[in-house]
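The values are calculated or read from the model by the stated rules, or taken from the named source; none is laboratory data. Everything numeric in this text was worked out from a predicted model, so none of it was measured. Every residue, glycine as well, gets a Cβ built from its backbone with ideal geometry; the counts of neighbours run over all protein chains shown.
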Amino acid sequence: MKKELVELKINGRTHELAIEPSALLLDVLRQDLGLTGSKRGCDESSCGACTVLVDGVAMMSCTLLAASCQEQEITTVEGVSQHGSLAAIQKAYGDWGGAQCGFCTPGFIMTVKSLMAENPDPSEAEVRAALSSNLCRCTGYSQMYAAIKSAIAAERNAMVEAK
Amino acid sequence: MRSDPKDYELVAPGSLQAAVGLLARSPGEWLPIAGGTDVMVQYAAGKLPSRKLVSIWNLAELRSIEVLANEIRLGAGCTYTNIREHGVIGREFPMLSSAARWTGGIANQNRGTLGGNIVNASPAADSLPALLAYDAELILISVRGERRLPYAGFHAGYKKTKLAPDELIRAVCLPRRFSGYVCHARKVGSRNAQAISKVCMAALGRVAGQTVEDVHIAVGSVAPVPLRLSETELMLRGKVINESLVSAAKKMAVAEIRPIDDIRSTAKYRAAVTGNLVAEFLNLLSADGKA
């Protein structure tokens with residue numbers, strides 16, 4: 001099928017792209033735009049490595065049509081840092097050794113971002129439920145949960161200080 | 001082999017009328033895609049039979065949840081997230097809420113739709129036993145108009161449904177008459193998130209003392225289609241729950257199912273678990289009668 005002009009808003013920038021209407025968002029991000037932070041793991045919505053936010057809602061870009069995201073705000077891991085400084089979750093990953101091989105990290109970070117936006121003070125059980133569809137095959141979950149816990153606390157403290 | 005987007009056509013009609021109009025012009029040719037959590041997995045794997053996709057995601061007509069006096073009418077395009085966040089569904093149809101929570105993971109729940117789960121017709125789908133137990137009805141739509149039919153019997157065989165090639169599911173209707181019932185839903189699988197069930201069950205019932213007044217038991221992943229255990233239900237109605245009744249119900253439930261050996265489990269295990277789940281439910285029902 002012929003390519004069509006599609007407008008995608010990604011990380012605050014608008015991109016006009018000629019793509020096939022059936023192109024997958026993950027391919028457009030990685031191949032057309034060079035945003036290779038989102039990873040292709042399982043290719044079947046099972047592992048979460050490709051998770052991005054669409055209007056703040058976590059979705060897996062490996063099985064998502066890029067054209068269906070027009071007029072929505074897409075956020076990838078490249079758009080998580082603010083004004084050149086690391087977001088709390090990125091810093092915490094470094095501090096706690098949350099990443100081993102790092103392949104699952106972008107997906108986890110995006111899911112944590114969506115959780116924190118929805119629920120700034122989640123319980124341990126809520127964090128684990130929210131992350132149940134992100135898999136880490138290095139199995140470094142303990143450090144990762146420590147990092148996530150610390151990032152949530154850091155954001156909460158920042159919010160209290162801002163008040 | 002992965003699919004090449006060049007080989008596929010995709011259109012996104014702006015309204016439900018336009019979508020069914022397209023289906024009517026060439027029935028069977030276009031594959032409707034909503035959240036794509038099933039369709040796109042086949043697409044990514046190069047296993048999608050159709051080369052023409054019609055997107056029904058974002059059709060507002062399919063996304064509403066109407067709370068009427070006698071029933072809740074769920075648009076077929078409602079996502080699992082819409083379902084698990086809905087207060088009335090949580091209170092009156094808790095087994096559907098639970099099923100929505102343990103289907104896939106959060107990202108899949110944000111995208112996967114109830115209508116898609118029905119049409120994909122997997123016998124292992126988590127939400128379908130709940131729909132069967134709650135006596136759900138479907139509203140189907142085409143250019144010929146709308147028709148309403150009971151969800152029980154919609155699956156004609158493995159991955160076969162009564163949906164005509166020019167039809168879409170418009171809504172799923174849940175009758176609001178189970179508020180006083182004991183409900184028990186279980187998913188038995190390797191883990192809740194991202195794992196397909198080995199056996200799932202949704203059951204509801206009402207007792208007066210220890211006498212069974214009404215009972216609905218639906219199971220998934222143990223037959224070519226999601227199944228109501230009608231004979232077991234019939235045998236239970238009007239009986240007093242005791243050990244011998246529970247044991248008879250277990251046997252009858254196992255006789256009604258047609259489990260298979262596959263990559264996730266064995267027929268033997270599935271039969272044993274089905275019997276145990278039925279017993280677990282009857283014991284809960286009995287405890288409720290004593291309370």
Query raised in the report: Across region B:160-176, what is the number of residues that are in contact (Cβ under 8 Å) with a residue 60 or more places away in the chain and basic (Lys, Arg)?
Result: 2
Query - Single unsatisfied condition, A:ASN134 versus (1) out of contact with any strand residue (DSSP E or B) (no Cβ under 8 Å at 6 or more places or on another chain); (2) assigned to a loop (DSSP other than H, G, I, E, B) - result: (1)
Query - Members of region B:169-199 found to be under 16 Å from the mean Cα position of the chain (by Cα), more than 14 Å from chain A (Cβ to nearest Cβ) and either of a type in the set (Lys, Arg) or farther than 11 Å from B:MET95 by Cα (or both), listed by number - result: B:ILE169, B:ARG170, B:ALA171, B:VAL172, B:CYS173, B:LEU174, B:PRO175, B:ARG186, B:VAL188, B:SER197, B:LYS198, B:VAL199
**Report entry** region B:6-21, subset in contact with a helix residue (DSSP H, G or I) (Cβ under 8 Å, 6 or more places away or on another chain) and within 8 Å of chain A (Cβ to nearest Cβ), residue nearest to A:SER68 (Cα to Cα)
**Finding:** B:ALA12
Query - Those residues of region A:107-131 which are free of Cβ contacts under 8 Å to residues at least 24 places away in the same chain, more than 15 Å from B:ASN110 (Cβ to Cβ) and assigned to a loop (DSSP other than H, G, I, E, B), in sequence order - result: A:SER123
Report summary line: Going through (1) surrounded by 22 or more Cβ atoms within 10 Å (Cβ to Cβ); (2) closer than 19 Å to B:ASP126 by Cα one by one, B:VAL212 fails only at (2)
Query - Residue that is out of contact with any Phe, Trp or Tyr (no Cβ under 8 Å at 6 or more places or on another chain), aliphatic (A, V, I, L, M) and surrounded by 18 or more Cβ atoms within 10 Å (Cβ to Cβ), where the choices are B:ALA171, B:ALA193 - result: B:ALA171
Query raised in the report: Looking at region B:226-267, which of its residues are modelled with pLDDT of 95 or more, in contact with a Gly (Cβ under 9 Å, 6 or more places away or on another chain) and part of a loop (DSSP other than H, G, I, E, B)?
Result: B:PRO226, B:ILE241
Query - Residue that is surrounded by the most Cβ atoms within 10 Å (Cβ to Cβ), among those in region A:50-75 that are among the charged types (D, E, K, R) and farther than 18 Å from A:ASN119 by Cα - result: A:GLU73
Query raised in the report: Has region A:89-105 got at least one residue that is over 15 Å from the mean Cα position of the chain (by Cα), at positive phi and assigned by TED's automatic domain parsing to the domain that holds A:THR139?
Result: yes
Query raised in the report: Within region B:240-257, is there a residue that is touching a strand residue (DSSP E or B) at 6+ places or on another chain (Cβ under 7 Å) and exposed (fewer than 15 other Cβ atoms within 10 Å of the Cβ)?
Result: yes
Report task. Output the residue which, of all residues in region A:19-66 that are within 13 Å of the chain's Cα centre (by Cα) and facing chain B (nearest Cβ under 7 Å), is farthest from A:LEU5 (Cα to Cα). Result -> A:GLY48
Report task. Could you list, in sequence order, all residues of region B:262-291 that are of a type in the set (S, T, N, Q) and under 27 Å from B:GLU213 (Cβ atoms)? Result -> B:THR274, B:ASN276, B:ASN283, B:SER286
Report summary line: Looking across region A:1-10 at residues that are surrounded by 18 or more Cβ atoms within 10 Å (Cβ to Cβ) and under 29 Å from A:GLY102 (Cα atoms), the single one that is farthest from the other protein chains (Cβ to nearest Cβ) is A:ILE10
**Report entry** Complete set of residues in region A:132-152 that are free of Cβ contacts under 8 Å to residues at least 24 places away in the same chain and closer than 23 Å to A:ASP43 by Cβ
**Finding:** A:SER132, A:THR139, A:TYR141
Query raised in the report: Of the residues B:ALA45, B:ALA34, which is in contact with a helix residue (DSSP H, G or I) (Cβ under 9 Å, 6 or more places away or on another chain), within 22 Å of A:VAL28 (Cβ to Cβ) and not hydroxyl-bearing (Ser, Thr, Tyr)?
Result: B:ALA34
Report summary line: If you go through A:CYS69, A:CYS104, the only one that is in contact (Cβ under 8 Å) with a residue 60 or more places away in the chain, within 19 Å of B:THR113 (Cβ to Cβ) and within 14 Å of chain B (Cβ to nearest Cβ) is A:CYS69
Requested in this report: Name every residue in region B:121-143 that is crowded, with 22+ Cβ neighbours inside 10 Å, under 30 Å from A:PHE108 (Cβ atoms) and aliphatic (A, V, I, L, M), in order of residue number.
Outcome: B:ALA125
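Residues checked against (1) away from chain A (no Cβ under 14 Å); (2) surrounded by 24 or more Cβ atoms within 10 Å (Cβ to Cβ); (3) modelled with pLDDT of 95 or more:
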| position | (1), (2), (3) |
| --- | --- |
| B:VAL67 | yes, no, yes |
| B:ASN70 | yes, no, yes |
| B:ARG73 | yes, no, yes |
| B:TYR80 | no, yes, yes |
| B:GLY87 | yes, no, yes |
| B:GLU92 | yes, no, yes |
| B:LEU96 | yes, yes, yes |
| B:LEU114 | yes, yes, yes |
| B:VAL119 | yes, no, yes |
